[in-house]
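Chemist: Starting off with a structure, shown below.
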Amino acid sequence: MNIIIVGIQGSGKGTQAALLREKFGWPHINMGNLLRDHINRHTELGETAQHYIEQGQLVPDNLVLKLVTAELDAATDGFVLDGFPRNLVQERYLLDNYTIDAVILLELDDETAVRRISARRHCSVCHADYNMLSNPPEKDGVCDSCGGEVVMRNDDNPDAIRVRLEKFHQKTRKVIELFKERGIAFEIDADQPLMVIHQQIIEHLDLA
Ligand code: AMP
């Protein structure tokens, strides 16, 4: 199955995609992590992307399309895509070149999103996601999975968060409207316990 998870930052896209990967084995393609990986490896693409990410701006489409194409073409047995598409150019590219079986829309208000983002942490080594309110690591600052250091992301600061929410409403809302018009979007209230949301997703996919 080719699945897309769309939602505002903090809506739990990454967590839900990771649960689907664990249960069904589909690769989880996370655009933000792919970009952060390039930054950590100091590639040319990473050097360019870093500036945009730190300010909460979208990374230029030509870079993002190059990255996503390589991942999607390699995922011949299906994928869970998270963080892409974020604007209409990316959505058009995706719909013109790939078959999409389902789009999961995680709906969350801005205030709750900001509260969750501020509590968000991730493993600097394996990228496992944590939240100090709902899903903290067992030992403070240490990843449960790999023992790596659990840190706050550079772009989870108030200025960058504000810009990212603006970009979501300016650009990604239009993406969501188009998915809805096409009748392939399934809306879920993201302000529910994560396993309740997971169950709703697998029931919708008819895999329960
Ligand atoms: P995320 O981890 O999904 O919150 O993404 C972190 C940052 O990576 C975003 O704020 C953007 O700067 C960049 N980014 C992630 N996905 C995309 C995308 N599809 N298009 C452009 N920039 C992106």
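Each reported figure results from applying straightforward, stated rules to the coordinates on display, with no laboratory input. Because the structure is predicted, anything quoted here is derived from the model rather than measured. All Cβ positions, even for glycine, are placed from backbone atoms using ideal geometry, and neighbour counts span all protein chains on display.
Chemist: If the requirement is being under 25 Å from I197 (Cα atoms) and of a type in the set (A, V, I, L, M, F, W, C), which of these qualifies: V163, V114, V89? Steps first, please.
Modeler: Numbers: V163 fails: under 25 Å from I197 (Cα atoms); V89 fails: under 25 Å from I197 (Cα atoms).
V114 is the lone residue from the list that is under 25 Å from I197 (Cα atoms) and of a type in the set (A, V, I, L, M, F, W, C).
Chemist: If you don't mind, another one. Is it the case that segment 182-189 has a residue that's part of a loop (DSSP other than H, G, I, E, B), surrounded by 18 or more Cβ atoms within 10 Å (Cβ to Cβ) and not β-branched (V, I, T)?
Modeler: No, because not a single residue in segment 182-189 is part of a loop (DSSP other than H, G, I, E, B), surrounded by 18 or more Cβ atoms within 10 Å (Cβ to Cβ) and not β-branched (V, I, T).
Chemist: Right, next: Of the residues that make up segment 125-138, is at least one closer than 24 Å to L19 by Cα, in contact (Cβ under 8 Å) with a residue 24 or more places away in the chain and in a helix (DSSP H, G or I)?
Modeler: Within segment 125-138, not a single residue is closer than 24 Å to L19 by Cα, in contact (Cβ under 8 Å) with a residue 24 or more places away in the chain and in a helix (DSSP H, G or I).
Chemist: If you don't mind, another one. Which of the residues belonging to segment 38-73 are touching a residue at least 60 places away in the same chain (Cβ under 8 Å) and either in contact with a strand residue (DSSP E or B) (Cβ under 9 Å, 6 or more places away or on another chain) or not hydrophobic (A, V, I, L, M, F, W, C) (or both)?
Modeler: E54, Q55, G56, Q57
Chemist: Output the qualifying pairs, or none if there are none: Cβ atoms under 6 angstrom, residues six or more apart or on different chains, first residue in segment 158-169 and farther than 15 Å from R120 by Cα and within 12 Å of the ligand (Cβ to nearest atom), second residue of a type outside the set (K, R) and assigned to a helix (DSSP H, G or I).
Modeler: Cβ pairs passing all conditions: L165/D110.
Chemist: Would you mention how many residues in segment 101-113 are surrounded by fewer than 17 Cβ atoms within 10 Å (Cβ to Cβ) and outside any strand (DSSP E or B)? Lay out the reasoning, then the answer.
Modeler: Our first condition is that a residue be surrounded by fewer than 17 Cβ atoms within 10 Å (Cβ to Cβ); within segment 101-113, this holds for 101, 107, 109-112.
Next, from what is left, pick out any that are outside any strand (DSSP E or B): 101, 109-112.
The number of residues fulfilling the criteria is 5.
Chemist: Right, next: Just to verify a result, which residue in segment 47-73, among those that are of a type outside the set (A, V, I, L, M, F, W, C) and over 24 Å from L165 (Cβ atoms), is farthest from the ligand (Cβ to nearest atom)?
Modeler: Per the stated criteria, the residue is D73.
Chemist: Okay, next question. If R173 satisfies every condition in (1) free of Cβ contacts under 8 Å to residues at least 12 places away in the same chain; (2) touching a His at 6+ places or on another chain (Cβ under 8 Å); (3) of a type in the set (K, R) but one, which is the exception?
Modeler: (2)
Chemist: Those residues that are farther than 16 Å from H28 by Cα and either surrounded by 14 or more Cβ atoms within 10 Å (Cβ to Cβ) or within 12 Å of the ligand (Cβ to nearest atom) (or both), I need them from segment 74-93; list them, please.
Modeler: Matches in segment 74-93: R86, N87, L88, V89, Q90, E91, Y93.
Chemist: Let me ask something additional. (1) in contact (Cβ under 8 Å) with a residue 60 or more places away in the chain; (2) away from the ligand (no atom under 16 Å from the Cβ); (3) in contact with a Pro (Cβ under 9 Å, 6 or more places away or on another chain): which one isn't true of D144, the others all being true?
Modeler: Single failed check for D144: (1).
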